[in-house]
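The values are calculated or read from the model by the stated rules, or taken from the named source; none is laboratory data. Computed from a prediction, not measured in an experiment: that's the story for all the values here. For accessibility, only protein heavy atoms count, side chains too; no ligands or nucleic acids. Shrake-Rupley method; radii C 1.70, N 1.55, O 1.52, S 1.80 Å.
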Amino acid sequence: MTTFQHIQVPAEGQKITVNADMSLNVPDQPIIPFIEGDGVGRDITPVMIKVVNAAVAKAYGGQRKIQWMEVFAGEKATRIYGPDVWLPDETLQAVRDYVVSIKGPLTTPVGGGIRSLNVALRQELDLYVCLRPVQYFKGVPSPLKEPEKTNMVIFRENSEDIYAGIEFPAESEKAKKLIAFLQNELGATKIRFPNTSGIGIKPVSREGTERLIRKAIQYAIDHNKPSVTIVHKGNIMKYTEGSFRDWAYALAQKEFGAELIDGGPWCKFANPNTGKEIIIKDSIADAFLQQILLRPAEYSVVATLNLNGDYISDALAAQVGGIGIAPGANMSDSVACFEATHGTAPKYAGKDYVNPGSEILSAEMMLRHMGWKEAADLILTSLEKAIGSKKVTYDFARLMDGATQVSCSGFGQVMIDQM
Ligand SMILES: NC(=O)C1=CN([C@@H]2O[C@H](COP(=O)(O)OP(=O)(O)OC[C@H]3O[C@@H](n4cnc5c(N)ncnc54)[C@H](OP(=O)(O)O)[C@@H]3O)[C@@H](O)[C@H]2O)C=CC1
Ligand SMILES: O=C(O)CCC(=O)C(=O)O
Ligand SMILES: [Mg+2]
């Protein structure tokens, strides 16, 4: 058994393992690492665990049980491991070795300070897909007239782009060197204020694009979806976002046999499982952001770059009721770490106030990923019933007629009472 410095491995339970074909072996008592998270992480993570335990107990009558194993990151890690240890090596090792994990949000300061621990975790473990389903739950208050028409699944590239954090502060030696190189060696004449510019680098590769698009198209096949939309700003950023689009179309043709529609670039192929047509199309990001509000029913699977995916996730979440119920997963071919779309919402930290729904729905995705469908279904139905009962947290209560506002833990209890 692995020994850790500060992580306590539960006395009972086993690791989930991965087969050669990437399917999972899930024991009846899997050990699941969790990161509590900063800010509201301390409110929502215990509620998520309580709701998941209740759903698993109800679904399997004691036959199955999750053995939770706390691993540390963010502010809590600095209290345990020392002031500069934000993401301990043993946390990365546990998330990798135990295959399936879940995390609360982690703070990233604006401007200076540490770089994002969330991004570091994704990069270190090469969790290259950020999967964020966006669906409407009946009764949730939404700014749209027909929120049920928003039903999309975002495949956000999670390892590249301007998000990779390769940047140099204005007036630093490195920025000066890089600007001089760009001007003198590469003929870049368009840096408007070279003496006071910070510089960021935006790597976007064919390999990174292809592995993301492969997953998005396979998802559309497996879930019988009508289309995959590639979202990019390739008219302006031609060799990063534009190439993303071109590589995506090329992959659809090369690996899935897609054929051009009316000379392209849109293309289509028949779903090998159902025979139904899957259309591969693209949309420029600014236009896409208005299309999803005005014509959401025309979009299904969305494949996009890292930064676009970040913006689109929150925008789409708002359409179906907000980031209080927006779940997600960071995935490689073998490892998956589930997490809410929202951040640490610091003004609400420790107040037992916010909606735990995003992390609970992330756990629902986790249970489904493990093949524990019955427990996952119970979570969905109890969430729907809880919303139907109008006992909801502040974010929904402030927009819902006749609602009773409950706390974060109170909402978890309402869900458990509905199981
Ligand atoms: N994966 C991660 O760990 C992420 C981390 N972050 C980090 O989080 C920190 C704070 O970021 P910030 O920009 O404030 O964004 P947040 O997502 O933390 O919060 C923005 C607003 O969203 C609403 N909100 C967030 N969570 C909930 C919830 N559970 N229930 C109901 N409403 C919610 C609140 O709206 P209202 O004010 O209307 O009540 C809140 O003020 C930053 O350091 C950022 O880097 C951000 C995103 C993801
Ligand atoms: O890492 C962070 O602090 C922010 C990340 C984020 O907003 C996201 O992944 O959606
Ligand atoms: Mg975000």
If the cut-off is 13 Å between C-alpha atoms, which aspartates and glutamates fall inside it for K138, apart from same-chain ones fewer than 8 positions away?
E146, E148, E384
Give the value in nm², to one decimal: projected area of the alpha carbon convex hull of the chain, averaged over all directions.
22.8
If you find the alpha carbon centre of segment 76-144 and of segment 6-45, how far apart are they in angstrom?
14
Hey, could you get me the Stokes-Einstein D for segment 167-212, Kirkwood radius over alpha-carbon pairs, 10 °C and 1.306 mPa s, rounded to whole µm² s⁻¹?
135
Under a 1.4 angstrom probe, counting protein chains only, how are W372, W247 ranked by accessible area, largest first?
W247, W372
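Do me a favour and compute the ellipsoid semi-axes for segment 59-203 from its Cα gyration tensor, root of five times each eigenvalue, largest one first, whole Å.
Gyration-tensor ellipsoid for segment 59-203: 38, 25, 14 Å.
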At 0.36 nm per residue, and after removing the present C-alpha to C-alpha distance, how many nm does the segment from T274 to Q63 gain when stretched out fully?
72.4 nm
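Counting pairwise Cα distances across segment 242-358, what percent come out greater than 18 angstrom? Write down the numbers at each step before the final one.
Working: 4354 of 6786 pairs.
Counting every Cα pair in segment 242-358, those more than 18 Å apart make up 64 percent.
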Mind telling me which of R192, R132, R156 comes out most flexible in a GNM of the chain, alpha-carbon contacts under 10 Å?
R192
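Please report the carbon-and-sulfur percent of the accessible area for the chain; probe 1.4 Å, protein heavy atoms only, DNA, RNA and ligands left out.
Solvent-exposed carbon and sulfur of the chain make up 51 percent of the total.
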Just to check, using Stokes-Einstein with a Kirkwood Rh over alpha carbon pairs, what's the diffusion coefficient of segment 98-145 at 4 °C and 1.567 mPa s in µm²/s?
91
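Kirkwood-based Rg over Rh for segment 345-419 (C-alpha set), two decimals?
1.00
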Ranked from the most accessible area to the least, with a 1.4 Å probe and all protein chains present, what is the order of L131, L293, L24, L251?
L293, L24, L131, L251
Highest GNM mean-square fluctuation among V231, V51, V85, for the chain with Cα springs under 10 Å, belongs to V85
Report the antiparallel proportion of the DSSP beta bridges in the chain as a percent, rounded to a multiple of 5.
45
accessible surface per residue for the chain, probe 1.4 Å, DNA/RNA/ligands not counted, whole Å² -> 45
Aspartates and glutamates with Cα under 14 Å of K390, excluding same-chain neighbours fewer than 8 positions away:
D401, D417
Figure the gain on full extension for S23 and R192 (residue separation times 0.36 nm, minus the Cα-Cα span) and round it to one decimal in nm.
55.7 nm
Calculated from DSSP H runs of 4 or more alone, at -39500 (n - 2.57) each and per residue, what is the 222 nm mean residue ellipticity of the chain, nearest 500?
-11500 deg cm²/dmol
So how far, in whole Å, is the C-alpha centre of segment 147-176 from the one of segment 223-302?
21
